[in-house]
1. Could you tell me which residue of region 46-81 is surrounded by the fewest Cβ atoms within 10 Å (Cβ to Cβ), considering only residues that are closer than 19 Å to ALA128 by Cα and among the polar types (S, T, N, Q)?
2. Any residue at all in region 60-71 that is basic (Lys, Arg) and in a strand (DSSP E or B)?
3. Would you check which residues across region 31-58 are among the aliphatic types (A, V, I, L, M) and free of Cβ contacts under 8 Å to residues at least 12 places away in the same chain and list them?
4. I'm told HIS33 meets every condition in (1) modelled with pLDDT under 95; (2) under 12 Å from the mean Cα position of the chain (by Cα); (3) farther than 16 Å from ALA128 by Cα except one. Can you identify the failing condition by its number?
5. Only one of these conditions is not met by SER56: (1) out of contact with any Ser or Thr (no Cβ under 8 Å at 6 or more places or on another chain); (2) modelled with pLDDT under 95; (3) among the small types (Gly, Ala, Ser). Which number is it?
6. So LEU40 fits all but one of (1) within 20 Å of GLU92 (Cβ to Cβ); (2) part of a helix (DSSP H, G or I); (3) within 16 Å of the chain's Cα centre (by Cα); what number is the exception?
7. Taking region 82-96 only, how many residues are of a type in the set (Gly, Ala, Ser) and either without any contact (Cβ under 8 Å) to a residue 12 or more places away in the chain or closer than 13 Å to LEU129 by Cβ (or both)?
8. Can you tell me how many residues within region 11-30 are touching a residue at least 24 places away in the same chain (Cβ under 8 Å) and either of a type in the set (Val, Ile, Thr) or within 13 Å of VAL41 (Cα to Cα) (or both)?
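The values are calculated or read from the model by the stated rules, or taken from the named source; none is laboratory data. Owing to the predicted nature of the structure, the values given are computational and were not obtained by experimental measurement. Because the Cβ atoms are built from the backbone with ideal geometry, glycine has one as well, and the counts that use them run over all protein chains shown.
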Amino acid sequence: MIREFKPRDFKKILQIEKTSFRDPWSKWEFLYHCRHSNFLVYEVDGEVVGYIISNSNGHISNIAVDPEYRRNKIGTKLVQEIVGKTKNALVEVRKSNKVAQEFYKSLRFREMYFIPRYYGNEDALVMALSNFDKNNKKSNYKHRKD
């Protein structure tokens, strides 16, 4: 079940974050986004097992799923929830993170461009999805590979 973040979710979200990323967000970054972003969680049997944070335009700032629950379409459902609201989505992914890139490609995101040293000493690949027309033709974004 997808629902809005609640303060009681905070501890579990920090645990998921620490197991998901080599440079996890601090509690302060999460606290900022609690107030200024769309912050959704995915629950299984009353336990938070994933989350997504985005702005109102579909820019995904953070998404993670508990390792024990990965490969169950939870990440897909969270992204689809955002896209369903905004009709567009944008995300930055580490250039070396091929798993994340393939995940977004499976959701029809397109590679747009690179941002040098976005992650300190590593570039980010910007990937985007925009609203497709009724005939499922190309998105409004122009495909560009560097």
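1. Once the filter is applied, the top-ranked residue is SER56.
2. Of all residues in region 60-71, those basic (Lys, Arg) come to 70-71.
Cutting the leftovers down to in a strand (DSSP E or B) gives us none.
Looking through region 60-71, none of the residues is basic (Lys, Arg) and in a strand (DSSP E or B).
3. At the first step, the residues of region 31-58 found to be among the aliphatic types (A, V, I, L, M) are 31, 40-41, 44, 48-49, 52-53.
Of everything in region 31-58, just one residue is among the aliphatic types (A, V, I, L, M) and free of Cβ contacts under 8 Å to residues at least 12 places away in the same chain, namely LEU31.
4. Result: HIS33 fails condition (2) only.
5. So the condition that SER56 fails would be (1).
6. Here LEU40 clears every test but (2).
7. Applying the first criterion (of a type in the set (Gly, Ala, Ser)) to region 82-96 yields 84, 89, 96.
Checking which are either without any contact (Cβ under 8 Å) to a residue 12 or more places away in the chain or closer than 13 Å to LEU129 by Cβ (or both) leaves us with 84, 89.
Of the residues in region 82-96, 2 are of a type in the set (Gly, Ala, Ser) and either without any contact (Cβ under 8 Å) to a residue 12 or more places away in the chain or closer than 13 Å to LEU129 by Cβ (or both).
8. Qualifying residue count, region 11-30: 5.
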